[in-house]
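The values are calculated or read from the model by the stated rules, or taken from the named source; none is laboratory data. Keep in mind that this is a model prediction, so the values were computed, not measured. Cβ sites come from the backbone with ideal geometry, for glycine too, and all protein chains shown count toward neighbours. Calculation scope for accessible area: heavy atoms of the full protein, side chains included, ligands and nucleic acids excluded. Shrake-Rupley method; radii C 1.70, N 1.55, O 1.52, S 1.80 Å.
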Amino acid sequence: MEFIDYYKILEVDKTATEADIKKAYRKLARKYHPDLNPNEAAAKKKFQQINEANEVLSDLEKRKKYDQYGKDWKQGEAYEQARQQQSYQGSGRAGSFGGEGDFSDFFESMFGGSSRGGGFQGSRGGRYKGADLNAELRLDLRDVFKSKQQTLTVNGRAIRMTIPAGVENGQTIRIKGHGAAGANGGPTGDLYLTFQIANNSPFRREGNDLHTTHALNLYTAVLGGETTVDTFDGKVKLKVPAGTQGATKVKLKGKGFPLYRQEGLFGDLYVTYTVQVPMNLSAAEKALFEQLSALQNQGERKEDEI
């Protein structure tokens, strides 16, 4: 089995923190996402590798096994058990695992096969884990604002699962025990489910924060007042100070997207104001604006004289 360097795939060092890994994953997932690279096989393969690397390195237990066992990290526990058993039985093989021995060779000697495809391929009748399966689930952004139950059909089997609120586009989660069946009593493989989330809302999502624009009429922007703003799950009234300029941004704390697997916690909503200039003025309205313009010019001339 060819060794895959997950650190190299995510373009991080082995000393990378959880935050470093998360940041790198988001950056690369956006870059190689299939929606941005349609019909590009290389980008699709890279996207799958990025998800696989993130699945391992973002999990502390998996990362520890990967750092210790490399390509054979999935069989780390079985390796330890078999090594301890050999040592106990005094078979003489235990001495070859002091750090220089090859883990894959050890499995071949113990099980008569190689560790490949997520399990022990035992030509001598050994137990081995079933293959892991990969699937995609396409949802809309509104579908992942709240946790929900959904039934999926994968490999001919119906799987009922809870989709946690706050999952991100391109994120992959593992559903344990829903892969292919094992052989000779071996455990079932796992299902790796990747979310493809379309955004058909007027909100732009950045992590757990949402961004949107809201139009103010000219009179409210100049004189101040109230305006009703759409949030992702309802409407709120905001006070608008007199003299509010276009491009003014306000933050609505806790009105963003839910944090993944952190119930009750939300990001923020950022609202950027635009100012609507009135059109199709009546003669009376136009006359009033002309008077305002004259007053403004008069005030500017007085300031210049001073």
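Quickly run through the stretch 266-283 and pick out the residues that are modelled with pLDDT under 90 and of a type in the set (Val, Ile, Thr).
Residue satisfying the conditions is Val277 alone.
Does the stretch 284-298 contain any residue that is within 39 Å of the chain's Cα centre (by Cα), modelled with pLDDT under 95 and open to solvent by 90 Å² or more (accessible area, probe 1.4 Å)?
No, every residue in the stretch 284-298 fails to be within 39 Å of the chain's Cα centre (by Cα), modelled with pLDDT under 95 and open to solvent by 90 Å² or more (accessible area, probe 1.4 Å).
Filter the stretch 15-46 for residues that are of a type in the set (A, V, I, L, M, F, W, C) and over 16 Å from Val167 (Cβ atoms) and give the result. Break it down stepwise before answering.
Of the residues in the stretch 15-46, the ones of a type in the set (A, V, I, L, M, F, W, C) are 16, 19, 21, 24, 28-29, 36, 41-43.
The answer is Ala16, Ala19, Ile21, Ala24, Leu28, Leu36, Ala41, Ala42, Ala43.
Answer with yes or no whether Lys251 is in contact with a strand residue (DSSP E or B) (Cβ under 6 Å, 6 or more places away or on another chain), of a type in the set (Lys, Arg), in a loop (DSSP other than H, G, I, E, B) and under 29 Å from Gln171 (Cβ atoms). Break it down into steps so the answer makes sense when it comes.
Numbers: in contact with a strand residue (DSSP E or B) (Cβ under 6 Å, 6 or more places away or on another chain): yes; of a type in the set (Lys, Arg): yes; in a loop (DSSP other than H, G, I, E, B): no; under 29 Å from Gln171 (Cβ atoms): yes.
Judged against the criteria, Lys251 is not a match.
With the requirement that a residue be closer than 18 Å to Tyr192 by Cα and either at pLDDT below 85 or aliphatic (A, V, I, L, M) (or both), what does the stretch 24-43 give you?
Once the filter is applied, which keeps residues that are closer than 18 Å to Tyr192 by Cα and either at pLDDT below 85 or aliphatic (A, V, I, L, M) (or both), the stretch 24-43 yields Ala29, His33, Pro34.
Could you give me the residue pairs with C-beta distances under 7 Å whose first residue belongs to the stretch 205-228 and is under 19 Å from Lys251 (Cβ atoms) and open to solvent by less than 30 Å² (accessible area, probe 1.4 Å), whose second residue is in a loop (DSSP other than H, G, I, E, B) and among the β-branched types (Val, Ile, Thr) wherever it lies, and which are 6+ apart or on separate chains?
Leu216/Thr244; Ala221/Thr244
Is there any pair linking a residue in the stretch 142-161 that is outside any strand (DSSP E or B) to one that is acidic (Asp, Glu) and open to solvent by 40 Å² or more (accessible area, probe 1.4 Å), with Cβ under 9 Å and at least six apart or on different chains, and which?
Val144/Glu168; Phe145/Asp233; Lys146/Asp233; Ser147/Glu263
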